[in-house]
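Q: Here it is, the structure, as structure tokens.
Only the coordinates and a few stated rules stand behind these numbers; no lab work does. These numbers come from a predicted model, not from an experiment. Quick reminder, even Gly has a Cβ in these numbers, built from the backbone with ideal geometry, and neighbours come from all protein chains shown.
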Amino acid sequence: MSNARAERRVDFDEAKGLSVSEFLSSHLGVNARRVGSGLRLSSCPACGESDNNASTKLSISKDDRAWKCHSCGEKGDILDAAMLLWGCSVKEAAEKILGVSASERPRPALPKRDRQQEQAEQAAKTALMRDAFSRLQRATAAFVDEPAPLNYLVNDRKIPISIVREAQRQGMVGFLPSDSAKACKVIVEAVGEDLLRKTGLWKPDSKLPGITYRPLVFFLPNLSSAEFRLIGEVSKGTTKSIRYGTLEYPYWWQGSEPQCMIVEGMIDMLSVVALGWKGHVMGLTGCNSYKEEWFVKARDRHQLKRYVVALDNDDDNPKNPGQRWANKLNEVIQGLGITSFVRSPEHGDINDILKERAKSTA
């Protein structure tokens, strides 16, 4: 290897070892805020500043080497951020970051941790979280007819009650009391305060577990993760759903035909079934939350002939992240040698189609 090539590689490594939070704070003109054990920013190098001053849409990894925007879905390291901000190549980004004086550079990020140690710690956390979700799932069995979340799914979202019942039977959907005091009592009795604290479901500075106020629960396969959702109208700037745990698998609905539609979220997954889709359905927890291995394993296990990507069409957003990621996801699947194409709603999401159909037949 030539000295020039070796030097370029060292430059990339040195740049990637700098603090992402300091770089973004400096070049976006916003201060990083500590939320829980991590840092958050209200601005993103891809989609810019949030309309909500209290927003913390962009998160920084614990080692301060990576970032992810939970609004537009973009993510990466310091070089990815620099390329987005400056519209340059990765080599130019590295040179520009390292070309300033040492005093102006971001400080070095935290050293990378031992991979085996990280995996062991993550496995232990996942086991605790799975235990907590298992206990909580059993507790929701007593509230299958809880009026507020049931009415939300059936009357507001127009999902037939037969499909809701099947999702409950399979352990995908659970209800908690909509009364926060009663919900807190149920949660603490079912899971235990110690486990709630250890898993982070009950934050140290909170009087009650945050999930107390979210009566609609979606459990992911293997119970390594769960999503807790508000119901009804949500004020601007409020996070509608919060997911806890480790994402091992997507939501999955077993169909009868050798094809699979990929949608975003549990409600769209149930809506696809309500609209008469006979194939399998894979529900992503976010438009960019996927692992390539899922598509290969599902194809082989269910002898799938094709995937249909039907993510949200955010046509009211100039960047339209749903369609951008739908096209990217389609390319990824085709790159794996699997037949795939995009078939998205004209606007909105799959549930909007279901609601329009219910309105037209009323």
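Q: Which of the GluC sites (Glu not before Pro) found in region 144-240 are loop residues per DSSP with 10 or fewer other Cβ atoms within 10 Å of their Cβ?
A: Numbers: sites: Glu166, Glu189, Glu193, Glu227, Glu233; in loops: Glu233.
Sites meeting the loop and neighbour criteria: Glu233.
Q: Here is a follow-up. Of Asn330, His27, Leu84, which is farthest towards the positive pole of the chain's charge dipole, taken about the Cα centre with +1 and -1 on the beta-carbons of Lys, Arg and Asp, Glu respectively?
A: Asn330
Q: In the structure displayed, which of Lys291/Lys328; Lys16/Lys96; Lys68/Lys96; Lys16/Lys62; Lys240/Lys328 lie more than 18 Å apart, Cα to Cα? Don't skip to the end; give the middle numbers.
A: Working: Lys291/Lys328 13 Å; Lys16/Lys96 13 Å; Lys68/Lys96 22 Å; Lys16/Lys62 14 Å; Lys240/Lys328 25 Å.
In this structure, Lys68/Lys96; Lys240/Lys328 lie more than 18 Å apart at Cα.
Q: Fewest to most neighbouring Cβ within 10 Å: what's the order for Arg105, Arg34? It would help to have the intermediate numbers written out before the result.
A: Values: Arg105 17, Arg34 10.
Neighbour counts put them in this order, fewest first: Arg34, Arg105.
Q: Do the sum for the chain: with -39,500 (n - 2.57) for every DSSP H run of n ≥ 4, divided by all residues, what is the mean residue ellipticity at 222 nm, to the nearest 500 deg cm²/dmol?
A: Result for the chain, helices only: -12500 deg cm²/dmol.
Q: Normalised radius of gyration for the chain, please: alpha carbon Rg relative to 2.2 N^0.38 Å, two decimal places.
A: On the way: Rg = 22.1 Å, N = 362, 2.2 N^0.38 = 20.6 Å.
Cα-based Rg divided by the globular estimate yields 1.07.
Q: Whole Å is fine, so just give me how far the alpha carbon centre of region 226-247 lies from that of region 138-153.
A: Rounded to whole Å, the Cα centres lie 17 Å apart.
Q: Considering only DSSP beta bridges whose two residues both sit in the chain, what percent are antiparallel, to the nearest 5?
A: On the way: 31 of 44 bridges.
If we restrict to bridges inside the chain, about 70 percent are antiparallel.
Q: Oh, and also: Please arrange Met269, Met261, Met83 by how many other C-beta atoms lie within 10 Å of their C-beta, fewest to most.
A: Working: Met269 28, Met261 23, Met83 18.
Ranked by crowding around the Cβ, least crowded first: Met83, Met261, Met269.
Q: Taking neighbour counts of Cβ atoms within 10 Å as a proxy for exposure, in what order, fewest first, do Phe12, Phe219, Phe341 appear? Write down the numbers at each step before the final one.
A: On the way: Phe12 16, Phe219 24, Phe341 11.
Least crowded to most crowded, the residues run Phe341, Phe12, Phe219.
Q: Which aspartates and glutamates have a Cα less than 19 Å from the Cα of Lys125, not counting those fewer than 8 places away in the same chain?
A: Lys125 reaches Asp63, Asp114, Glu193, Asp194, Glu227, Glu248.
Q: Okay, next question. Stretch Gln259-Arg301 to full length: gain in nm at 0.36 nm per residue minus the Cα-Cα span? Present the calculation step by step, with values, prior to reporting the outcome.
A: Values: separation 42, 0.36 × 42 = 15.12 nm, distance 1.17 nm.
Between Gln259 and Arg301, full extension yields 13.9 nm more.
Q: Counting pairwise Cα distances across region 115-245, what percent come out greater than 25 angstrom?
A: Values: 2090 of 8515 pairs.
Looking at region 115-245, the distances longer than 25 Å represent 25 percent of pairs.
Q: Find which of Gln117, Gly174, Asn151 sits farthest along the positive direction of the dipole of region 115-245, computed with +1 on the beta-carbon of Lys and Arg, -1 on that of Asp and Glu, about the Cα centre.
A: Gln117
Q: What is the set of long-range amide H partners of Val309 at a cut-off below 5 Å, with H atoms built 1.01 Å from backbone N?
A: Ile262, Phe341, Val342, Arg343
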